[in-house]
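The values are calculated or read from the model by the stated rules, or taken from the named source; none is laboratory data. Remember, it's a predicted structure, so these values are computed and weren't measured experimentally. With ideal geometry, Cβ positions are generated from the backbone for all residues, glycine too; neighbour counts draw on all protein chains shown. These accessible areas exclude ligands, DNA and RNA; they are computed on the full protein's heavy atoms, side chains included. Shrake-Rupley method; radii C 1.70, N 1.55, O 1.52, S 1.80 Å.
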Amino acid sequence: MIAARARTAPPAGERAGEAGIPAASALVIDDETPALDELSYLLRTNFPIDPVHAAQNASDALRHLQERRYDVVFLDVRMPELDGIELGNVLRRFAAPPAIVYVTAYEQYAVRAFDIGACDYLLKPVSRARLRTALERALGPRAARPRDDSSDLIPVETAGRTRFISREQVRWAEAEGDYVRLHTADGGAHLVRIPISHLEERWSAYGFIRIHRGYLVSFKHITEFSVTGSVHTVMVGGCALPVSRRHVRDVRDRILRVGRRS
């Protein structure tokens with residue numbers, strides 16, 4: 001396990017913002033698109049961080065940093081052009097340097113990262129809890145408080161326009177590689193780049209249940225549970241969705257508990 005020699009965080013409110021002061025801003029730098037999208041999504045949907053900008057190389061990152069100041073930079077190590085350690089050395093020479101958090105798959109750069117003043121060093125994949133700790137070290141506790149997700153809106157692209165889908169509109173989510181397709185009550189289906197595992201973590205407290213490695217379902221929209229031979233399915237919005245053997249017991253128990261309460 002890597003011991004963090006964390007830099008002392010600024011007082012809460014100096015960066016993360018008190019009432020009337022904008023929320024903390026973040027720049028995520030990673031040359032791998034899935035990792036970049038995943039971390040950006042975690043920051044946007046779980047914490048009071050706004051804006052969250054993204055860059056895939058040092059040139060793009062420096063262009064962002066010339067245009068505005070960021071409170072915290074999340075930085076991969078192995079990248080083309082300047083690597084993360086070299087870029088970190090550049091950032092610490094800024095008149096008002098951002099807090100730096102490294103996010104990488106490699107343990108061996110941790111000592112060099114802390115030597116240049118990194119606040120934390122995260123190993124991929126990054127959990128929400130570990131990210132919260134990193135934000136506390138970088139920006140203070142206000143930046144790490146959970147975002148109010150009562151609406152939990154997800155932006156989707158439709159015919160060149162961005163619209164927002166709320167959690168309450170979603171009947172089920174279907175995994176498609178690094179994406180999920182959100183099936184909504186109005187019959188729509190919207191493809192968004194969100195790992196289904198992160199969606200499950202975020203929505204399980206709001207009645208969403210995993211029925212299969214590829215499906216996350218709003219339990220209140222399940223209208224039928226059936227067994228034909230060894231095949232288990234649930235009906236959601238008029239569609240039959242498969243229930244894997246791994247999840248059959250959980251689905252059945254949830255249905256029985258609801259039946260006993262009614």
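A compact table of results
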{"read-out": "Dmax and Rg, reported as Rg then Dmax, of the chain (C-alpha, Å)", "value": "21.1, 69"}
{"read-out": "Theoretical gain in end-to-end length, SER166 to ASP115 [0.36 nm per residue, Cα-Cα removed]", "value": "14.0 nm"}
{"read-out": "Relative contact order [Cα under 8 Å, 6+ residues apart], region 73-221, whole percent", "value": "12"}
{"read-out": "Carbon + sulfur, % of accessible area of region 96-190 - ligands and nucleic acids excluded, 1.4 Å", "value": "50"}
{"read-out": "Debye equation applied to the C-alpha atoms of region 177-230, log10 I(q)/I(0) at 0.16, 0.19 Å⁻¹", "value": "-0.54, -0.74"}
{"read-out": "Spin-label zone in region 163-180 - amide nitrogen under 15 Å from a point set 7 Å from the Cα of LYS220 along the C-beta vector", "value": "166-172"}
{"read-out": "Equivalent-ellipsoid semi-axes of region 191-261, from the Cα gyration tensor, Å, largest first", "value": "20, 15, 11"}
{"read-out": "Net dipole in debye of region 120-262 [+1 Lys, Arg Cβ; -1 Asp, Glu Cβ; about Cα centre; nearest 20]", "value": "480"}
{"read-out": "Inter-probe distance in nm under a simple model that places probes 7 Å from Cα toward Cβ, at SER244 and THR33", "value": "2.5"}
{"read-out": "Candidates SER230, SER218, SER204, ranked by Gaussian network fluctuation over the chain, Cα under 10 Å, top entry", "value": "SER230"}
{"read-out": "Part-to-part distance (alpha-carbon centres) for region 139-216 and region 82-108, which is given in Å", "value": "31"}
{"read-out": "Size of electric dipole in the chain: Cβ of Lys, Arg +1 and of Asp, Glu -1, about Cα centre, debye, nearest 20", "value": "1040"}
{"read-out": "Accessible solvent surface per residue of the chain, calculated while the other protein chains remain in place, 1.4 angstrom probe, Å²", "value": "51"}
{"read-out": "Per-selection Kirkwood Rh - region 62-104 (Cα, Å, 1 d.p.)", "value": "10.6"}
{"read-out": "Gain upon complete extension [ARG69, ILE255; 0.36 nm per residue less C-alpha separation]", "value": "61.8 nm"}
{"read-out": "The chain - percent relative contact order, Cα under 8 Å, separation 6 or more", "value": "14"}
{"read-out": "Per-pair calculated FRET efficiency, R0 = 25 Å: TYR206 and SER127 via Cβ, rounded to 0.05", "value": "0.85"}
{"read-out": "Helix-derived mean residue ellipticity, 222 nm - over the chain, DSSP H n ≥ 4, -39500 (n - 2.57), to 500", "value": "-9000 deg cm²/dmol"}
